[in-house]
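A short write-up of the structure that comes next.
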Amino acid sequence: MRDYLLTLCITAAVTYLLTGPVRKFAIAAGAMPEIRARDVHREPTPRLGGIAMFFGLCAGLLVADHLDRLNSVFALSNEPRALLSGAALIWLIGVLDDKFEIDALIKLGGQMIAAGVMVMQGLTILWLPIPGIGTVGLTQWQGTLLTVALVVLTINAVNFVDGLDGLAAGMVCIASAAFFLYAYRIWFGYGIEAAAPATLFAAVLMGMCLGFLPHNMHPARIFMGDSGSMLIGLVLAASAISITGQVDPDALKIFEGSTRQATHAALPVFIPLLLPLTIIAIPMADLVLAIVRRTWNGQSPFAADRGHLHHRLLEIGHSHSRAVFIMYFWSALIAFGALTYSVHSASMWIMLPIVTLSAVGLVLLLLPRFRPRAPRWAESFVPPRYRRRKTAPHSDPDPASAAAEGVGSAGGADGSGDGGPGEPVRVPAGVNGATAIGARSHLLERRKAGTPG
């Protein structure tokens, strides 16, 4: 465990230290695209954060290769080299896309080629454990097609969810943490060396995300871009493929005793079929809904829009940070819920906290719809959003005041706005000021209040 933690820390440190210089390079290289209609940020932000994440991946694998207890992974398996080859290819495609905006079909072809490169070097699914049947061996073509499909789906699911500051990196970090615990249990608890590569991949992936998150949390100073989102999606898929199709279920010696006992004991084997899906359940659901929505509207499945889950959270009134943390909550609940059930499957008491936490998550989702107003005597003790609005004294109804309805002042403490002293800025009707898609005059007030006049 100490070697894995050292690898994680080295990966996180290299990623964190390189992100600052990479940001300056992205600005100098002009990798700051124009703000699009579907974007929620207000200022052009540099991309290419995947460069730092890729070098963090290389540093983590290099350190692991020189550790006594982890160098056997490189000596007995070709999977780390396969991962590095596929990651380098998908990272290069992502860098070109961040700079030149390449076509979506070209990116899809590059994802399939990267998956094929990993398959050619041995990182592929060899068999599947099927409940009630046992271990089913796959032919070469079946394993290749299933591996490529899983890699492409995971990459695009992570890419689709990368729409808010810190969202994709945080969700993948949560998923990789759950996967690390599961893979480490298979490797250390059952003594199966074939699970060591997946454990290493999950530890390195956690380090990549943790090192990048401080630069990417709201308000983000740099985006990971496709070079980062496709990279972490590929590493996540490689972890799932390694432990799902490489670990022989018969090595666990669980298909003994009665049928009931064998079924309960086989859950640690069957969970790999579900865990890769549970840890990306929310991104995968977003991907499926986006394809159905765009196809139903007569658009291309690759067309961009503002109908993703995180966009809907902003529209119903959640702030940027709250929407991100709600997505974190649901990702952790699904991933760690499946992990806990695989360990304590015989106890049904584990379902009680899962159901309770699900109810808490639903309340958090609907919180903007049920915003209470505090009584007058308690308004000084609650946040401003729970206070009653004070009505200003009504002046004479001239046309100027009627035209100013729905208009707010963007001025700071001195009453001046961007367009001149006291000049009003129109705020779209029906937009919650706490969201990232509305006017953010409160940010302007904070900035101007701290600047010398």
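The values are calculated or read from the model by the stated rules, or taken from the named source; none is laboratory data. If you're wondering where the values come from, they're calculated on a predicted model, not measured in any experiment. Here Cβ is always computed from backbone atoms with ideal geometry, including for glycine, and neighbour counts include all displayed protein chains. Each accessible area value is taken on the protein alone, full model and side chains, heavy atoms only, with ligands, DNA and RNA left out. Shrake-Rupley method; radii C 1.70, N 1.55, O 1.52, S 1.80 Å.
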Which ³J(HN,Hα) values, rounded to whole Hz and listed in residue order, are derived for region 62-73 from phi using the Karplus coefficients 6.51, -1.76 and 1.60 in 6.51 cos²θ - 1.76 cosθ + 1.60 with θ = phi - 60°, glycine and proline given as x?
5, 5, 4, 5, 9, 8, 4, 8, 10, 5, 5, 4
Cα point-scatterer Debye curve for region 90-129, base-10 log of I(q)/I(0) at q = 0.28 Å⁻¹
-0.90
Considering only the other residues whose Cβ falls under 10 Å of the Cβ of R47, what net charge follows from Lys and Arg at +1 and Asp and Glu at -1?
-1
Per the Debye formula with a single identical scatterer at each Cα and no solvent contribution, what log10 I(q)/I(0) holds for region 54-171 at q = 0.09, 0.20, 0.21 Å⁻¹?
-0.32, -1.21, -1.25
Around F25, with a cut-off of 13 angstrom between Cβ atoms, what is the net charge of the other residues, counting Lys and Arg +1 and Asp and Glu -1?
+3
What's the local net charge at T7, with K and R +1, D and E -1, over the other residues with C-beta under 11 Å away?
0
Applying the Karplus parametrisation 6.51 cos²θ - 1.76 cosθ + 1.60 with θ = phi - 60° to the phi angles of region 143-150, what ³J(HN,Hα) value in whole Hz is obtained for each residue in order, glycine and proline being reported as x?
x, 5, 5, 5, 5, 4, 5, 5
Listed by chain and number, the residues whose amide H is under 5 Å from that of T135, excluding neighbours fewer than 5 places away on the same chain and using placed H, are I130
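Probe of 1.4 angstrom, ligands and nucleic acids ignored: what's the accessible area per residue over region 76-185, in square angstrom? Display every interim value, and only then the final one.
Working: 4480 Å² over 110 residues.
So region 76-185 comes to 41 Å² accessible per residue, rounded to a whole number.
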Please report the accessible area of C58 (heavy atoms, 1.4 Å probe, ligands and nucleic acids excluded) in Å², nearest 10.
40 Å²
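Please list K107, K24 from largest to smallest accessible area, probe radius 1.4 Å, with all protein chains kept in place.
Details: K107 35, K24 150 Å².
Solvent-accessible surface, decreasing: K24, K107.
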Can you sort Y341, Y184 by 1.4 Å-probe accessible area, starting with the largest?
Y341, Y184
Report the label-to-label distance for K24 and Y190 in nanometres (one decimal), using points 7 Å from each Cα along the Cα→Cβ vector.
4.9 nm
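Working with all protein chains in place, sort E79, E193 by solvent-accessible area computed with a 1.4 Å probe, largest first.
Details: E79 10, E193 105 Å².
So the residues, ranked largest to smallest area, are E193, E79.
Between M112 and Q140, what's the calculated FRET efficiency when r is the beta-carbon distance and R0 is 22 Å? Round to 0.05. Write down the numbers at each step before the final one.
Numbers: r = 17 Å, r/R0 = 0.75.
After rounding, the FRET efficiency stands at 0.85.
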Vicinal HN-Hα couplings computed from phi for region 172-185 (Karplus, 6.51 cos²θ - 1.76 cosθ + 1.60; Hz; Gly/Pro x)
5, 5, 5, 5, 5, 5, 5, 5, 4, 4, 5, 5, 5, 5
